[in-house]
Amino acid sequence: ASFPLLCFRSPLVTPLIFGLLLQAPFTQPSTITQPNLVLLLADDLGIGDVGCYGNDTIRTPNIDRLAKEGVKLTQHIAAAPLCTPSRAAFLTGRYPLRSGMDAINDYRVIFWNAASGGLPPNETTFAKILQNQGYSTGLIGKWHQGVNCESRNDHCHHPLKHGFDYFYGMPFTLISDCQPTETPEMDRAFRRKLWLSTQVIGLITLTAVLGRLTGLISVHWKTLTCLAGFSLLFFISWFSSYGFVRYWNCIMMRNHEITEQPMVTDRTTSLILRESISFIERNKHKPFLLFLSFLHSHTPLLTTEKFLGRSRHGLYGDNVEEMDWIVGQVLDAIDKEGLKDTTLVYFASDHGGWLERQEGERQLGGWNGVYKGGKAMGGWEGGIRVPGIFRWPGVIPADTVINEPTSLMDIYPTVVQLAGGAVPQDRVIDGRDLLPLLRGAAAHSEHEFLFHYCGAHLHAARWHQKDTGAVWKAHYMTPIFSPPGAGACYDRGFCPCFGEGVTHHEPPLLFELSQDPSEAKPLSADTEPLFDTVIRKIGRAIEEHRRTLTPVPQQLSVSNVVWKPWLQPCCGTFPFCWCDKEGDN
């Protein structure tokens with residue numbers, strides 16, 4: 001707009017320009033080109049748990065208000081069906097396979113704060129680029145991308161090494177082990193086997209000792225001593241980690257300092273809300289990125305007394321309604337500081353709801369609406385289709401619904417573009433800038449194909465046929481539900497990605513999602529004239545995609561996910577790790 005002014009030779013122009021220059025602090029382009037960014041990411045929330053996505057029994061008025069004042073995406077897809085890989089893709093704009101953050105084994109997430117795997121230091125997160133563009137960057141809540149590499153305090157995977165100026169929250173993830181009154185959740189089946197093995201070895205040792213004392217068995221005391229020593233060492237080898245999960249994994253940090261070990265769960269929610277609002281207040285005079293990574297609605301479903309018993313869906317519904325209230329508090333803080341029109345707000349979930357998470361009659365996991373499957377299932381829609389809402393008054397139209405395929409990876413190029421930065425050119429970025437689609441400048445998503453991994457195994461792929469609007473999806477592997485026909489892997493707790501727990505399909509199962517979103521009626525060459533054409537088209541896209549993959553270190557290999565005592569974050573002298581600095585305050 002300044003160029004036409006400079007073309008006029010009028011005595012009125014000089015005072016006009018001078019006046020505009022005096023007002024520069026109020027009209028800086030940065031308030032337009034560098035909006036504040038508030039990214040709200042729920043944990044394990046199903047798309048069917050939110051009012052604006054069809055739930056009429058869980059009350060989510062604040063999330064619904066965001067959708068009413070902005071854009072709701074109906075085909076928003078996570079790059080992975082579990083926390084660690086999905087969040088790695090979100091932060092880097094890349095399929096987690098590219099950074100080594102998807103597993104070839106059954107250990108598909110970071111299992112310990114004292115593991116050596118994590119988001120590699122050579123990955124460039126959107127926070128790092130925004131930090132370089134002058135943004136204040138903060139992460140409040142869950143990280144789950146690793147902590148250390150080689151020593152207890154190297155913090156090579158820590159949020160502050162990945163572009164965040166400020167971190168308050170859990171370096172790990174919330175699990176039921178963090179709540180002393182709940183049944184342990186972490187590696188539950190493996191832990192049972194370890195207990196059973198310990199009891200068997202102990203029983204053998206005790207029987208041998210009694211046999212020797214009574215003269216029924218002729219065995220040297222030296223042998224018995226060795227057997228007893230082995231029993232003790234075996235017990236210590238696993239109980240030193242699994243026996244203290246609450247101390248090793250359930251910790252809170254502020255930047256590099258541990259503030260609670262173990263965390264005091266009664267006050268976690270209020271502290272995370274306080275920190276979020278405080279970050280907005282401290283940074284209101286310059287562009288900021290707030291990534292509020294909720295601990296809701298992951299088990300053990302930490303819910304304050306104010307919300308207990310309020311919903312029609314037990315503790316899970318109470319927890320979702322409390323999270324919605326927190327969303328409302330954050331939106332109120334943005335309004336109070338006069339930042340509504342200069343702030344892009346985004347809300348999503350990291351993947352689908354956990355269908356198998358039950359304790360007796362209590363359902364502790366989410367609901368995925370009409371979509372088949374859930375958390376841990378890389379192919380079925382219920383594991384990867386999530387809420388996706390954007391609000392930016394005056395820039396993004398209000399009360400708009402977009403049915404185009406989009407991805408959580410798209411946040412990366414979108415926020416980088418808004419910050420005036422550039423995406424890295426030395427690596428493949430799988431996300432696409434969403435702003436043209438959100439503003440109505442583009443009719444279609446830039447994604448022609450999306451690939452759906454379960455761990456490092458490709459389970460499915462979709463093709464968006466833009467000329468017809470069809471969304472074809474081919475499944476090459478699907479999990480075997482247990483019990484049969486149950487819709488999830490209730491006997492296992494999680495559906496596997498490979499091995500005897502999956503079915504391989506040749507030819508692939510094919511669905512047309514715009515006609516069959518529930519993936520209930522697989523098409524065949526007999527029922528669909530385009531069957532062979534579509535399967536060939538998707539197959540060629542997969543071949544091209546695989547040619548872009550390069551070998552990288554596996555961050556979730558067994559050696560990288562096991563507990564390593566020398567890497568354990570500790571706010572004392574290891575192994576005496578205990579502190580409550582929030583309580584001291």
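The values are calculated or read from the model by the stated rules, or taken from the named source; none is laboratory data. On a predicted model such as this, the values are computed, not experimentally measured, just so you know. Reconstructed Cβ throughout: ideal geometry from the backbone, glycine too, with neighbour counts over all protein chains shown. Side chains are part of the model used for accessible areas, which takes the heavy atoms of the whole protein and leaves out ligands, DNA and RNA. Shrake-Rupley method; radii C 1.70, N 1.55, O 1.52, S 1.80 Å.
Assorted remarks:
- In the chain, helices alone account for a calculated mean residue ellipticity at 222 nm of -9000 deg cm²/dmol, with every DSSP H run of four or more residues adding -39,500 (n - 2.57).
- Packing order of peptides 376-383, 148-155, highest average first: 376-383, 148-155 (average count of other Cβ atoms within 10 Å over each peptide's residues).
- The portion of the accessible surface of the chain made up by carbon and sulfur, rounded to a whole percent, is 59 (1.4 Å probe; DNA, RNA and ligands excluded).
- Peptide packing for 407-414, 250-257, 67-74 was compared via the average number of neighbouring C-beta atoms within 10 Å per residue; ordered from the highest value, the list is 407-414, 67-74, 250-257.
- Read-out Cα extents along the principal axes in Å, derived from the coordinates shown; its label in (i) 96, 58, 52; (ii) 116, 70, 49; (iii) 99, 77, 43: (ii)
- Local electrostatic count at Y412 - Lys and Arg +1, Asp and Glu -1, tallied over other residues with Cβ under 10 Å: -1
- Protection proxy ranking, peptides 501-507, 280-286, 263-269, average beta carbon neighbours within 10 Å, highest first: 263-269, 280-286, 501-507
- 3J(HN,Hα) along region 172-178, derived from phi through the Karplus expression 6.51 cos²θ - 1.76 cosθ + 1.60 where θ = phi - 60°, amounts to 9, 9, 5, 9, 4, 4, 6 Hz, with x in place of Gly and Pro.
- Under 5 Å, built H, 5+ apart or other chain: amide partners of K372: E381, G382
- Region 386-431 and region 40-93 have Cα centres separated by 14 Å.
- Between helix 221-242 and the chain: long-axis angle, C-alpha atoms, 0 to 90°, nearest 10: 20
- When the charge dipole of the chain is built from unit charges on Cβ atoms (+1 for Lys and Arg, -1 for Asp and Glu) and taken about the Cα centre, the candidate among A333, T268, G388 whose Cα reaches farthest toward its positive end is T268.
- Accessible area expressed per residue, region 188-242, with surrounding protein chains retained (probe 1.4 Å, Å²): 72
- Sequentially through region 343-352, phi angles give Karplus couplings (6.51, -1.76, 1.60; θ = phi - 60°) of 10, 8, 10, 10, 10, 7, 10, 6, 5, x Hz, Gly and Pro residues having no value and appearing as x.
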